[in-house]
1. Taking the Cβ of B:F156 as the centre, find all other residues whose Cβ is under 10 Å away and add up their charges (Lys, Arg: +1; Asp, Glu: -1).
2. Treating the beta-carbon of each Lys and Arg as +1 and of each Asp and Glu as -1, no other charges, what is the dipole magnitude of chain B about its Cα centre, to the nearest 20 debye?
3. Report the net charge of residues surrounding B:T99, where surrounding means a beta-carbon distance below 14 angstrom and charges are Lys +1, Arg +1, Asp -1, Glu -1.
4. Limiting things to C-alpha atoms, what are the Rg and the maximum Cα-Cα separation (Dmax) for the protein assembly as shown, in angstroms?
5. Rounded to the nearest 20 debye, what is the charge dipole size of segment A:118-174 about its Cα centre when +1 sits on each Lys and Arg Cβ and -1 on each Asp and Glu Cβ?
6. Which whole-Hz couplings ³J(HN,Hα) result when phi for each residue of segment A:52-66 is put into the Karplus expression 6.51 cos²θ - 1.76 cosθ + 1.60, θ = phi - 60°, listed in order with x for Gly and Pro?
7. Quick one: pull the percent of accessible area on chain B belonging to carbon and sulfur, 1.4 Å probe, ligands and nucleic acids left out.
8. Under 5 Å between amide hydrogens, which residues at least 5 positions from A:G71 or on another chain qualify, with H placed 1.01 Å from N in the peptide plane?
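The values are calculated or read from the model by the stated rules, or taken from the named source; none is laboratory data. Source: prediction; values computed, not measured. Cβ sites come from the backbone with ideal geometry, for glycine too, and all protein chains shown count toward neighbours. Note: accessible area is taken over every heavy atom of the protein model, side chains too, but ligands, DNA and RNA are not part of it. Shrake-Rupley method; radii C 1.70, N 1.55, O 1.52, S 1.80 Å.
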Amino acid sequence: MSALLETREGEVTGGLSVSLSGVSKSFGETSVLRGFDLKVRPGEFLAVVGRSGGGKSTLLRLASGLDRPSGGRVEIGGRPVAGLNPAVRLLFQEARLVPWQSVAQNVGIARGPGWRAAAERALADVGLDGRGGEWPSVLSGGQKQRVALARALVSRPGILLLDEPFGALDALTRIEMHRLLDGIWRARGFTTILITHDVAEAVALADRVIVLREGRIALDVEVELERPRAELADPRAAELQKRILAAV
Amino acid sequence: MSIGALTGAGARHRVDLASVGRALAPWALPIVLLIAWEIAARAGLVNARLLPAPSAVALAGWRSLLDGTLVANVLASGQRALVGLAIGGGLGFVLGLATGLWRPAETLLDSTVQMVRNVPHLALIPLVILWFGIGETAKIFLVVLGVFFPIYINTFHGVRTVDRQLVEMAEVYGLDARARLWRIVLPGALPSILVGLRYALGLMWLTLIVAETISASSGLGYMTMNAREFFQTDVVILGILVYALLGKLADAATRAVERRALAWHPAWQPSGEESR
């Protein structure tokens, strides 16, 4: 596990900014976001919490370029979003590994030059050293999400978007995944937006937590706790979680 | 399972005997039936002209092997079967892919295909004879019709039921349409396509038998119909056995393809490989 915290020489670190200004998004008659503003600094770890239907997933789909806004501007690294951007990677709720491709082939799904070696390195980063030749079906749920994380990070994205990727995992595996993500994020410094239902998860990982309610930011709070954060709630974290929960 | 393995020591010996037993078990019933049939024929319990003994059938097989007629007829039938399968299966695959991937093609084609599918293709024999006479074309045309539908339907179904989430993932991760087709859609549809192929192989032989018994001057169907005219029951039974053997062979070939192409599938992986 310790190897993954080391940054190899020559690795690009750093992230891109995300900016939404006056963004609206509606699906038919229902408007999910209206006049929505959000700025995420380069390298910032933002957690978005809120009830289902509050616009969290819409926010992520707009930032990834999967969906276009009905109005307003979405910018990545200062440039307006026009479709899918290779500098932005998305981790889904489910691992979405291709069952008929080996673990390494899944990580190197885009088949860029030197993908095999890059995939093996990325797998080592997520603690799955030497498992590249196996079929995804032999992996546990947590291991599958690790492979998905390796697949997202192999191309060195400037922005990582996470759509509740740990929601289906058991509590212990979830804590392992938190440590892993925290370590890789600190080593690489990409901008991260994490969608989650789990307020404790948000406080454990993020620099800043926003609460989305009915398409508006109901709370925007900085998490000024030193890293790595202890799993057992520190009183300040517990206080913060209470504040966030009250706003949800 | 060689003799050498059987002469191994102690525990291994028992294990090997058990596995040999398992391998032989499916053959036990056919062997018992054959022996009973032979005894009944020899004892005169059944009319040997209507049901000759297995040894007589084997002898007929040996004779036709020696004079070359068996091989010639098998080759003639096999060629028709394979040509029909290649044309009908190829068409079914391409059209199934087109309708599965592209909505306008589905709107245009699918309801017509579904309508034609419900006509039993053997009911077209009189029409086929009127159109093509009784030559090779007629027989191949019938095989084409027989294998087209199972492959078409299963390709269409396979393409349509590919996991949408995987396709979306592939888009997000920058795979172009061609890479998505080769790496996501086709492998995802393959289990269903192979089911279609196995089904088509069954229909292929069925169609061919019927076509060859109606009008042919070579092939297995011709061989058995000809033998019927001369009351050579042993040759008739031989023909039926060869059909069974060819059917089994075709099925085994598809299973081998499945085992290779679907190695990723949990159903094809050795058991006991639990997640770690």
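1. Details: positive: B:R160; negative: B:E106, B:D110.
Net charge in that neighbourhood comes out at -1.
2. Values: 22 positive and 17 negative charges, 70 e Å.
In debye, rounded to 20, chain B gives about 340.
3. Details: positive: B:R103, B:R117, B:R160; negative: B:E106, B:D110.
Counting the neighbours of B:T99, the net charge comes to +1.
4. 32.6, 100
5. Values: 7 positive and 7 negative charges, 21 e Å.
Roughly 100 debye, rounded to the nearest 20.
6. Per residue, the Karplus-derived 3J(HN,Hα) values read 4, x, x, x, 4, 5, 4, 4, 5, 5, 5, 5, 7, x, 5 Hz.
7. Numbers: 11040 of 15830 Å².
Roughly 70 percent of what the probe reaches on chain B is carbon or sulfur.
8. A:S24
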